[in-house]
Amino acid sequence: MKYRRSIAAMVLAGVLTAGTAFAAGPCDDVPAYAALQGALAAARAQANGGFNLDMWGTVVNRDGIVCAVAFTGGDRGDQWPGSRVISAQKANTANAFSLPGLALSTANLYSAVQPGGSLFGLQLSNPVNTVVAYAGDPAKYGAVDDPMVLGKIGGVNVFGGGLALYNAAGTLVGAVGVSGDTSCADHNIAWRTRHTLGLDHVPAGVAGGTHRDNIIFDIKTNPKQMDGVSDSGFGHPHCGPGSANGETALAAGLPPTQ
């Protein structure tokens, strides 16, 4: 009898092990820590405008689960500590408001959420999950085992730095968020990071052309309208400290979406 019970237990263990082996993990379709960290560091090393600061980056899957968090400095304190959660918030936003047929970057949301905009109030929806955001040992922030990993961060951020991720088949698999400099520089670094990861097969976006979900600099004074109106409804302000023309040229010179 003991022998039969032992055999049954072994069979059950084998079934459970096989199920584990063949079950897809929640982060299988998006970049892991090493890929994110490498792509983020390479992007940060290029000319992106802003103040040339170190960065945080976060990847979420299509369900908004955090899959990787990384930074480019030598230690977690070498980039703004507050930007860790902001990068995750940006990733969540780009994922939450992009679709298989239409990508919206966080930069595209700035004007739409202003008073009178078509998405006014969006930034107050889907609040950050503070339990996930601030859990665990700070010494692990930005490491492969960052406490945010496998948590649902939530949050909505409406300035540059968040981009949806589309694989070579055009499938929307999640998003990347970047934070640590001006929001214009954040957008450029996120864009280069996504490109390096090969997840920029964007089907369509409000920017159109060859840079479908790019930042749009079209906020200006219009006759008979208040100052600061975006012609497209999806514009983003210039950030400085460089010139507006320089920022426009940087965005236009980013690698085209595939």
| field | Residue among A94, A168, A39 with the largest mean-square fluctuation in a Gaussian network model of the chain, springs linking Cα atoms under 10 Å | value | A168
| request: May I ask you to give the solvent-accessible area per residue for the chain, in square angstrom, as obtained with a 1.4 angstrom probe? | output: 46 Å²
| task | Just subtract the alpha-carbon distance of D231 and L102 from 0.36 nm times their residue separation and send over the number in nm, one decimal. | result | 44.5 nm
| query | Fully extended, how many nm does the chain gain between N245 and V144 (0.36 nm per residue separation, minus their Cα-Cα distance)? | reply | 32.5 nm
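Report the full-extension gain for the segment L124 to Q46: residue separation times 0.36 nm, less the Cα-Cα distance, to one decimal in nm.
Here the segment from L124 to Q46 would lengthen by 24.7 nm.
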| said: Restricted to Cα positions, what overall size does the chain have along the principal axes? Three whole-Å values, descending. | reply: 90, 38, 32
| message | Using a Gaussian network model on the chain with a 10 Å cutoff between Cα atoms, which of D213, D186, D63 fluctuates the most? | response | D63
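State to the nearest 20 debye the size of the charge dipole of the chain about its Cα centre, where the only charges are +1 on K and R beta carbons and -1 on D and E beta carbons.
800 debye
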| field | Of all accessible heavy-atom area on segment 179-258, the percent that carbon and sulfur account for (1.4 Å) | value | 57 percent
| Kirkwood Rh, segment 66-183, all Cα pairs: how many Å? | 14.6 Å
| query | Taking Rh as the Kirkwood radius computed over C-alpha pairs, what is the Stokes-Einstein D of segment 153-249 at 4 °C in a medium of viscosity 1.567 mPa s, expressed in µm² per second? | reply | 89 µm²/s
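The values are calculated or read from the model by the stated rules, or taken from the named source; none is laboratory data. Keep in mind that what you see is a predicted model, and the values were worked out from it rather than measured. Counting neighbours? That spans all protein chains shown, and the Cβs are built from the backbone with ideal geometry, glycine included. When the accessible area is computed, the model is the full protein with side chains, heavy atoms only, and any ligands, DNA or RNA have been set aside. Shrake-Rupley method; radii C 1.70, N 1.55, O 1.52, S 1.80 Å.
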